[in-house]
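Following: one structure in structure tokens, then a few remarks.
The values are calculated or read from the model by the stated rules, or taken from the named source; none is laboratory data. On a predicted model such as this, the values are computed, not experimentally measured, just so you know. Glycine gets a Cβ as well: all are built from the backbone with ideal geometry, and neighbour counts include every protein chain shown. Accessible surface is based on the protein model in full, side chains and every heavy atom, while ligands, DNA and RNA are left aside. Shrake-Rupley method; radii C 1.70, N 1.55, O 1.52, S 1.80 Å.
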Amino acid sequence: MRRQSEDALSEFRIFETDEFLKRLRKLASRDAAFLRRKLDSFVYPQLKAESFWGNNIKKLHGYTPETWRYRIGKFRIFYIVDPEEQILHILTVDDRKDAYR
């Protein structure tokens with residue numbers, strides 16, 4: 001059985017890039033508030049514990065470094081993971097209609 005301090009050390013830290021923050025600011029205030037609420041209350045806790053597995057998580061093919069996406073309603077959050085440093089870099093956010101162009 002793991003001790004609590006070991007669990008805390010195994011969690012990933014979240015880093016929001018400037019690009020992500022810029023795109024978040026450009027969204028309509030209603031959408032930005034929705035995303036921030038979902039990120040803080042549900043998405044980030046899940047990604048800290050398990051960055052590679054979940055119903056809304058998918059690995060994107062053909063990207064270097066390995067890139068993942070998280071689906072939040074009509075939005076997609078794209079991120080990369082540094083397992084050695086245990087940091088998850090949130091790269092950007094896009095509306096689903098624009099995300100895969």
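Computed over protein heavy atoms with a 1.4 Å probe, the accessible surface of the chain works out to 70 Å² per residue.
Computed extension length for Lys26-Arg71: 14.3 nm, one decimal, from 0.36 nm per residue of separation with the Cα-Cα distance subtracted. As a rough guide to protection, the peptides 77-84, 22-29 ranked by mean Cβ packing within 10 Å, highest first, stand as 77-84, 22-29. So, with a 1.4 angstrom probe, what is the percent of accessible area on the chain that is carbon and sulfur? Taking all protein chains in place, the chain shows 50 percent carbon and sulfur surface. How far is helix 29-38 tilted off the main Cα axis of the chain, in degrees rounded to 10, range 0 to 90? Long axis of 29-38 versus the principal axis of the chain: about 20 degrees. Distant-in-sequence amide contacts of Thr67, defined by a placed amide H-H separation under 5 Å and a gap of 5 or more residues or a different chain, comprise Leu60. Taking each of Lys48/Lys97; Lys22/Lys74; Lys38/Lys97 in turn, the alpha-carbon distance tops 22 angstrom for Lys48/Lys97. Positive contributions from Lys and Arg (+1) and negative ones from Asp and Glu (-1), summed over other residues with Cβ under 10 Å from the Cβ of Lys58, come out at +4.
Put a plus charge on the Cβ of each Lys and Arg, a minus charge on the Cβ of each Asp and Glu, and nothing anywhere else: the dipole of the chain about its Cα centre is then about 700 debye. Between the listed residues Asn56, Ile14, Gln46, the Cα displaced farthest toward the positive end of the dipole of the chain, a dipole computed from Cβ unit charges relative to the Cα centre, is found at Asn56.
If you take all other residues with their beta carbon under 14 Å from the beta carbon of Arg36, and give Lys and Arg +1 and Asp and Glu -1, the sum is +3. Taking only the Cα atoms of the chain, the ratio Rg/Rh comes out at 0.98, with Rh defined as the Kirkwood radius.
Considering every alpha-carbon pair of the range 52-101, the percent of pairs per 5 Å bin, from zero through the bin containing the longest distance, is 5, 20, 30, 28, 12, 4, 1.
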